[in-house]
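No value in this document is a laboratory result; all are computed from the given coordinates. Computed from a predicted model, the values in this text were never measured in an experiment. Every residue, glycine as well, gets a Cβ built from its backbone with ideal geometry; the counts of neighbours run over all protein chains shown.
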Amino acid sequence: MCDEVRLGVLLPTACALWGEGADPRQLIDLAVRGEQLGFASVWVNDSLLSPRIEGLSMLAGLAPVTSRVTLGTATLMPVLRRPVQAAQTIGSLDLLSGGRLIIGVGAGFPGRMGQPLYDLSDVPWRRRFERLDETVAPWRHLWAAPGPSSFDGQLVRYESLPPTTQPHQPGGPPIWLAGATPAAIERTGRSYDGWLPYPVDASDYSTRWAAVRRSAEASARSADAITAGLYVTILIADAVEVGRRALDAYTHVSYGMPLEVVEAIQLMVTRVLAATTSTLSTLWRGSSAGVR
């Protein structure tokens with residue numbers, strides 16, 4: 001297992017985060033600056049619940065102006081797209097980036113950040129995790145199929161599939177699963193290339209990562225084939241109290257909810273500058289991290 005910690009940054013693609021009069025094309029400049037500063041990756045998120053630059057469109061804009069940085073989704077909501085069309089879009093994006101793509105996927109949270117997306121997509125909320133797996137499976141099938149084929153799942157079936165755009169990376173880009181429940185951990189070890197959790201309590205990380213590795217070995221996979229990641233919102237401030245007020249303003253703009261609600265779902269940290277380096281080392285030791 002690689003002990004290197006690699007840090008990434010999430011672009012503020014939501015329109016409400018830009019400020020009045022801002023040019024959204026500055027997001028491209030921000031990503032280029034991140035690459036120049038040495039960040040390992042640049043990430044985008046995905047939603048229909050607030051105006052934003054669509055995630056895969058954003059990455060397509062970054063592909064020709066960056067050369068080293070990994071481009072990723074944290075996370076993509078496959079329910080918002082039809083599987084065959086998404087496979088072509090993702091394959092094309094991997095080609096345009098020269099194979100620098102990672103696709104983090106998720107099924108959504110219960111409540112405001114989940115079920116409304118399914119309603120907008122005319123997809124039932126029930127069996128959403130199985131549906132997620134059966135959306136990813138046709139992608140991989142299409143990326144590996146040399147010609148016309150078919151796919152027969154429990155929820156997703158295609159009697160006739162034409163060939164699709166083949167990605168740069170053989171078999172397609174790595175697909176990471178976002179989630180830290182026991183079911184998500186088991187599915188990560190069984191079927192996915194990486195793990196991108198957002199644990200409320202960072203102390204649980206090593207225990208759950210060990211469970212991911214056990215699941216991989218139980219599925220006759222190499223545990224070292226799975227990349228460990230971490231999704232966390234970090235705000236560096238002059239004082240913790242100042243940082244928490246700023247985070248609260250951010251969560252109201254980004255999620256329409258106060259900080260105390262959002263931090264019950266995902267890890268959010270505010271630290272004074274002097275404590276930041278040691279905090280990051282503690283959080284991500286022994287993992288490769290996509291960090292917001």
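For LEU7, the residues whose amide H sits under 5 Å from its own are ALA40, ignoring neighbours fewer than 5 places away on the same chain, with H placed 1.01 Å from N.
Distance between the 7 Å Cα→Cβ label points at PHE109 and GLN36: 3.5 nm. Stretching the chain fully between ALA218 and VAL261 yields a gain of 11.9 nm (0.36 nm per residue, less the alpha carbon separation). Between ASP29 and VAL242, the modelled labels are 2.5 nm apart [label points 7 Å from Cα along Cα→Cβ].
Net charge dipole, the range 8-173: roughly 180 debye, given to the nearest 20, about the Cα centre with Cβ charges of +1 for Lys and Arg and -1 for Asp and Glu. Close amide H partners of VAL272, meaning residues 5 or more places away or on another chain with modelled amide H under 5 Å apart, are ALA237.
Counting only GluC sites (Glu not before Pro) that DSSP places in a loop and that have at most 15 other Cβ atoms within 10 Å, the longest clean stretch of the chain runs over 55-292. Springs join every pair of Cα atoms under 10 Å in this Gaussian network model of the chain, and among THR13, THR73, THR207 the largest mean-square fluctuation is at THR207.
Helical content of the chain, expressed as a calculated mean residue ellipticity at 222 nm, amounts to -12000 deg cm²/dmol (DSSP H runs of 4 or more residues, -39,500 (n - 2.57) each, divided by residue number, nearest 500).
I'd like the FRET efficiency for VAL65 and THR165, computed as 1/(1 + (r/R0)^6) with the beta carbon distance as r and R0 of 25 Å, rounded to 0.05.
After rounding to 0.05, the efficiency reads 0.70.
Restriction of the trypsin sites (Lys or Arg not before Pro) in the range 126-202 to DSSP coil positions whose beta-carbon has at most 15 other beta-carbons within 10 angstrom yields ARG126, ARG127.
Computed from phi, the 3J(HN,Hα) profile of the range 108-119 under the Karplus parametrisation 6.51, -1.76, 1.60 (θ = phi - 60°) reads x, 8, x, x, 4, 9, x, 4, x, 5, 5, 4 Hz, with x in place of Gly and Pro. For THR70, the residues whose amide H sits under 5 Å from its own are SER41, VAL42, ignoring neighbours fewer than 5 places away on the same chain, with H placed 1.01 Å from N. With a 10 Å cut-off between alpha carbons and a GNM built on the chain, which of HIS141, HIS252, HIS168 moves the most? Highest fluctuation among the options: HIS252.
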